[in-house]
Amino acid sequence: MAPLLLLLAAALQTQDSLGPGIVPATPDQARSRAEACGVRHDDVAVGEGTVTIDHGAALSDVQLACLARFAAESWWNLSFDRATQARYAPLRDQAEEDARLAIPRAWIEQHGLTERLPAYRAGRDDPGAVGARIAKLCGAPPGMVHRSRTGAAITIDPPRFETEEAMQCILYVGAVVHLRVKMIDDEIDDPPPPRRYR
């Protein structure tokens, strides 16, 4: 399998990863982006990797969402007063998730799979059954996707895939439906799940 897909797999499974293709902004660009979201020039202070914004209470949720998208797309950290930080945090988390999944979602749409994605509800749906549906959707041969022995994930064996596109599809679909996709080598390294005693 190409090294790029290995890096892609790692990025998609890292929750704090912002995904491939993110280009950090310069300090001047960071200030401009903050001001483009409606922050006054005098309320923006650009430091080492952090943009500090004063008078956050005056910012609307729309402005905070704009700032969250800027942060997710540029690797800049934004700092507010405590009350504004509490309003900003969920918007930041959503923006980072959107940035991380932007490329997978675009690929899925390009291949006409958006309306055919299986649903996966963690804790309710069987990962193995959903994994089998993902494998079929992606054109992978039967038996290429298995339920992980460590819980809510599926496992794939990269060398067994005849085409990189099928594996890329499984990685992307798994990311978008929030079902973790693990490599067989990771599965070997993981400890077994704890035993349950009645």
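Quick notes on this structure:
- Of all residues in region 25-39, those that are open to solvent by less than 40 Å² (accessible area, probe 1.4 Å) have Cβ atoms under 8 Å from Cβ atoms of residues that are assigned to a loop (DSSP other than H, G, I, E, B), 6 or more apart or on another chain, in 25/75; 25/76; 30/76; 39/59.
- Condition check for residue 62: open to solvent by 80 Å² or more (accessible area, probe 1.4 Å), out of contact with any strand residue (DSSP E or B) (no Cβ under 7 Å at 6 or more places or on another chain) and either assigned to a helix (DSSP H, G or I) or modelled with pLDDT of 95 or more (or both): yes
- For the condition open to solvent by 60 Å² or more (accessible area, probe 1.4 Å), closer than 30 Å to residue 69 by Cβ and of a type in the set (Asp, Glu), residue 126 does not qualify.
- Every residue from region 166-198 that is at pLDDT 85 or above and in a helix (DSSP H, G or I): 166, 167, 168, 169, 170, 171, 172, 173, 174, 175, 176
- Residue satisfying all of: in region 78-118; surrounded by fewer than 15 Cβ atoms within 10 Å (Cβ to Cβ) and among the small types (Gly, Ala, Ser); nearest to residue 180 (Cα to Cα) among these: 106
- The one condition in (1) open to solvent by 60 Å² or more (accessible area, probe 1.4 Å); (2) within 21 Å of the chain's Cα centre (by Cα); (3) more than 13 Å from residue 180 (Cα to Cα) that residue 121 fails to fulfil: (3)
- Identity of the residue in region 169-178, out of contact with any helix residue (DSSP H, G or I) (no Cβ under 6 Å at 6 or more places or on another chain) and farther than 10 Å from residue 156 by Cβ, that ends up most open to solvent (accessible area, probe 1.4 Å): 178
The values are calculated or read from the model by the stated rules, or taken from the named source; none is laboratory data. What you see is a predicted model; the values in this text were computed from it and never measured. Don't worry about glycine lacking a Cβ; one is built from the backbone with ideal geometry, like all the others, and counts go over all protein chains shown. These accessible areas exclude ligands, DNA and RNA; they are computed on the full protein's heavy atoms, side chains included. Shrake-Rupley method; radii C 1.70, N 1.55, O 1.52, S 1.80 Å.
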